[in-house]
Every structure is written in C-alpha cells, then in structure tokens.
1. Under 8 Å for C-alpha pairs, at least 6 residues apart: give me the relative contact order for the chain, rounded to a whole percent.
2. Using Cα pairs under 8 angstrom and six or more residues apart, how large is the relative contact order of the stretch 74-179, in percent?
3. Antiparallel as a % of all DSSP beta bridges within the chain, to the nearest 5?
4. With +1 on the Cβ of every Lys and Arg and -1 on the Cβ of every Asp and Glu, and nothing else charged, how large is the dipole of the stretch 67-196 about its Cα centre, in debye rounded to the nearest 20?
5. Please list the non-local residues whose amide H lies under 5 Å from the amide H of Leu181, H modeled 1.01 Å from N, same-chain partners needing a gap of 5 or more.
6. Could you list the square roots of 5 times each eigenvalue of the Cα gyration tensor of the stretch 62-155, that is, the equivalent ellipsoid semi-axes, sorted largest first and rounded to whole Å?
7. Name the residue, out of Ile167, Ile143, Ile21, whose mean-square fluctuation peaks in a Gaussian network model built on the chain with Cα pairs under 10 Å.
8. Just the Cα atoms of the stretch 126-196: what Rg and Dmax do they give in Å?
Amino acid sequence: MIRLPKPIAPSEIAFDIDGVIADTMESFLNIARKEFGITHIKKDHITSYWLEDCISIPIHITHAIIDRLVKDPFGTALTPIEGAREALSTLIPHSSLTFVTARPDSGPITEWLHSILPEATRHRLNVIATGEHAKKVDVLKAIGVSYFVEDNLDTCDSLYREGINAIVFDQPWNRGHTPFLRVTSWKEIMEMIKFD
C-alpha cells in the first residue's frame, strides 16, 4: 500500500457508498440469479463501472435491478462490504461521517446506513445524493473534504484534477494502473487515519 505523507484526520475524509460501503454488485448478482435465472456472471466479470460495457444481461433487466437497488436497499438485501460497518463505527465518536453518492435520492440509503450503524445519531451521518457522478467534485469542494474513497475511476480522475485526494477502493471494475492511492480493504483505510 502507498503511504500518505501524513495521517488523515477523521474529519478530512468522506466516502462513496456503492462499491465502498455497500456491496451493491453482489446484491445485483444475487437478484440476477434468483429472479432472472442469470447464473453465468460473477463479480470478477464486472470489469467496467458501466455494466452494459462488460456483462451480457439485457439492458432492461440491468436497469430494473439497479432501480430496485436504488429504491429499496432493504428489500434487495443490500449488505455492507466486509469491514465497513466496524470501521465506520470506530470513526463515529471522532467525527460526523460524510457520504457523497450519485444516487438520485438520499432517503433509502440513509435509512440503510442507520440500520448498519445504529449507534450513529441522525446528525452524525451526512448523506448527500448528487444524482450524477460529475456533481460529486463540486459537493466535496464545497464541504472542504481533502480525501474521498471512491470505486469509480472517472470520478477519481475528476477529483484528482480539482486537488482532492482520491482513494480508490479496489474492485474488479477499477483495476489497472492509476495515479491514485489504492486500498483493498477497510483495514487499509483505517491504517491511514489518525485518531486524537
């Protein structure tokens, strides 16, 4: 893992949700298997952030599953990525947590976050839904975040150009060489954070 020149304070970092906190692609594949009989696709087959570019599922099925994941994280049995719940629970006493997502509505995913982090009071979780990836940069600049953990390389590139330190959360769809710091686990993220 690349080392940072200085540790990150809990208040300096924010997080994407899908692919970083929530194991959205695993839920996508579970729905594809159970409800549509699509069993030939595995998570490692998802080599592009844009699903239609890399997997052979009819586009209307892809859109239907994504729509359900966005609107109903509980009904789709969305689960956290390994280590995310524990790491975020460790951060809560030290700083409010900020999440910036390209989802169009923050309501359902905010409720899901509260369900996995029941110890967090409402004012300790700040969830901002931008509706599109390109708007994340302006939001993060406006709130003064220095580091952002993200799985979409296009967003990381936009952040990098605007002076925000992008940290890539390693996933099959973002592999390959990038100029960004890359982490493969929540344990690695927590090793970069300094607690007072």
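Values quoted throughout were computed directly from the atomic coordinates according to the rules given, and no laboratory measurement underlies them. Because the structure is a prediction, the values reported are computed rather than measured. Ideal geometry is used to build each Cβ from the backbone, glycine not excepted, and the neighbour counts take in all protein chains shown.
1. Computed value for the chain: 30 percent relative contact order.
2. Working: 113 pairs, mean separation 22.9, N = 106.
22 percent.
3. On the way: 1 of 19 bridges.
Once the DSSP bridges in the chain are tallied, antiparallel ones form about 5 percent.
4. Values: 14 positive and 18 negative charges, 31 e Å.
Charge dipole, the stretch 67-196, about its Cα centre: 140 debye, nearest 20.
5. Amide H neighbours of Leu181: Val168.
6. 20, 19, 12
7. Ile143
8. Over the stretch 126-196's Cα set, Rg and Dmax evaluate to 12.3, 35 Å.
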